[in-house]
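Okay, structure first, notes after.
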Amino acid sequence: MEEKALAMRKGETRIKVKMMKEAQPIRNRQPRPNQVIEPTKSTADVKAARLEEELKEMKEQMKEMKSQVKAKAARNLDILVHRSESPFTKRVDDYPLPTKFKVPQLENFDGLRDPLDYLDSFRTVMRLQGVSDEIMCRAFPTNLRGSARVWFNKLEIGSIDTFAQLS
């Protein structure tokens, strides 16, 4: 019986050794795909994900707003560049400029100073050059700035036929 018990112990030992060789240590063991457990998300992780999503949405909104502003600016620029409507009559607009005519270098008028003083200065300089009423009309808006330019651009199309009407 001792022999049987000894043989059984030897068999047990062989089985234990075999099992130990096949088994991997727990530290180095990689989990099988079906054994992978998702870690639970912490509250901070959830908040961070939500903030990232909100940031992404805000970036999209900003992108859309930028494209709208660009489109509006392009339309406004196009209107300014291609504005052919003039407050002057066809007769004034079509009047030919003298070949050596140069617009006088007057101080710009922004509507904040006395308009009568500016008109008097403009009229005096233009008469010294001997230009016609039509040329005075066409040269007048070149020195307007700010609110004075806005006023001029709001004049009714084709409504000005003389410098007296303009002034």
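The values are calculated or read from the model by the stated rules, or taken from the named source; none is laboratory data. Since the structure is predicted, the reported quantities are computational estimates derived from the model, not experimental observations. Virtual Cβ from ideal backbone geometry, glycine too; neighbours counted across all protein chains shown.
At-a-glance table
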item: Top-ranked residue of the stretch 96-139 - restricted to ones that are assigned to a helix (DSSP H, G or I) and among the aliphatic types (A, V, I, L, M), ranked as farthest from LEU166 (Cα to Cα); result: LEU128
item: The stretch 99-125, residues that are more than 41 Å from the chain's Cα centre (by Cα) and either outside the structural domain of ALA148 (by TED's automatic domain parsing) or at pLDDT below 85 (or both); result: THR99, LYS100, PHE101
item: Any hit, the stretch 82-90, residues being touching a residue at least 60 places away in the same chain (Cβ under 8 Å), under 19 Å from SER167 (Cα atoms) and outside any loop (DSSP other than H, G, I, E, B); result: yes
item: Tally of residues being in a helix (DSSP H, G or I) and either more than 17 Å from GLN165 (Cα to Cα) or more than 42 Å from the chain's Cα centre (by Cα) (or both) across the stretch 140-150; result: 5
item: Single residue of LEU77, LEU6, LEU51 found to be surrounded by 10 or more Cβ atoms within 10 Å (Cβ to Cβ), modelled with pLDDT of 90 or more, among the hydrophobic types (A, V, I, L, M, F, W, C) and part of a helix (DSSP H, G or I); result: LEU51
item: Residues of the stretch 131-165 satisfying the condition of being in contact (Cβ under 8 Å) with a residue 60 or more places away in the chain, more than 9 Å from VAL92 (Cβ to Cβ) and of a type in the set (A, V, I, L, M); result: LEU155, ILE157
